[in-house]
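First comes the structure, then the notes that go with it.
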């Protein structure tokens, strides 16, 4: 990471994009980096599109506006590619981290894929019938960016989730880190 990293999360209400950004920010702070995480809310309901943001920096963060030109876009629900434009404003050298199974998507940016849904189902990380992919995606994000370390991420998960849920989420990020693949793309 150079001096700062700006990450925009895209998911649906109930998928935990806000929690993912918060856990990521906490993990960065464990490495003595500055971080901020915040969502954009509207008239949200379960299943509606949600955005959340995380800034990580080696210097103080003074900006509090939504991230319009992210370094990384994390997509928890790949169907969002068909109904909106989660890649809008992504920097030319930006990265996409996406919950994806099957033939790799062609999005025109350096892309990292992981079957986060499959990992969540494998570990029985499910709530009200929804696979909990938010924390799983953080393992893929760490693989793509190297920030923060996997160990700091697992420490932050332990602070956020207690007992068996914490242990399952730690295992989920380990599996996600191992199973994340960089897709060869022709960069636009």
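For segment 45-108, what is the convex hull volume of the alpha-carbon atoms per residue, in Å³?
Numbers: hull volume 7.7 nm³, N = 64.
Here the figure is 120 Å³ per residue.
Each Cα pair under 8 Å and six or more residues apart adds its sequence gap; the mean of these over the residue count of the chain is a relative contact order of 23 percent. Maximal additional length on extending the residue 159-residue 68 stretch stands at 29.8 nm, based on 0.36 nm per residue less the C-alpha distance.
For the chain, what does -39500 (n - 2.57) per DSSP helix run (n ≥ 4), summed and divided by total residues, give at 222 nm, in deg cm²/dmol to the nearest 500? It would help to have the intermediate numbers written out before the result.
Working: 6 runs with 64 residues, N = 188.
Calculated from helices alone, the mean residue ellipticity at 222 nm is -10000 deg cm²/dmol.
Rank 149, 65, 35 by mean-square fluctuation in a GNM of the chain with C-alpha springs under 10 angstrom and give only the top-ranked residue. Its mean-square fluctuation being the largest, the pick is 65.
Stretched out fully, how many nm does the piece from residue 40 to residue 104 gain, at 0.36 nm a residue minus the Cα gap? List each step's numbers first, then the result.
Working: separation 64, 0.36 × 64 = 23.04 nm, distance 2.90 nm.
Answer, rounded to one decimal: 20.1 nm.
Only bridges whose two residues both fall in segment 85-188 count here: according to DSSP, what percent of them are antiparallel, nearest 5?
Details: 5 of 10 bridges.
Of those bridges, close to 50 percent are antiparallel.
Computing Rg and the Kirkwood Rh from the Cα coordinates of segment 4-182 gives a ratio, Rg/Rh, of 0.93.
Nearest-5 percent of antiparallel DSSP beta bridges in segment 1-124? Could you put the intermediate results ahead of the total?
Values: 16 of 29 bridges.
So the antiparallel bridges amount to about 55 percent of the total.
Ellipsoid fit via the Cα gyration tensor, segment 1-82: semi-axes of 23, 12, 11 Å, each the root of five times an eigenvalue, largest first.
How big is the Cα convex hull of segment 65-163 in projection, averaged over all directions, in nm²? Intermediate values should be presented prior to the final figure.
On the way: hull surface 30.9 nm².
Mean shadow area of the hull around the Cα atoms is 7.7 nm².
Legend: ranking of residues 100, 130 from fewest to most surrounding C-beta atoms inside 10 Å; resulting order 130, 100. Mean projected area of the convex hull spanned by the Cα atoms of segment 122-161, taken over all viewing directions: 3.2 nm².
Taking a point 7 Å from the Cα of residue 127 along the Cα-to-Cβ direction, the residues of segment 89-112 with backbone N closer than 20 Å to it are 99.
A short reminder: the numbers here are calculations on the coordinates, not readings from a lab. All figures in this text were calculated on a predicted structure; none of them were measured in a lab. Positions of Cβ are generated from backbone atoms using ideal geometry, with glycine treated the same way; all protein chains shown enter the neighbour counts.
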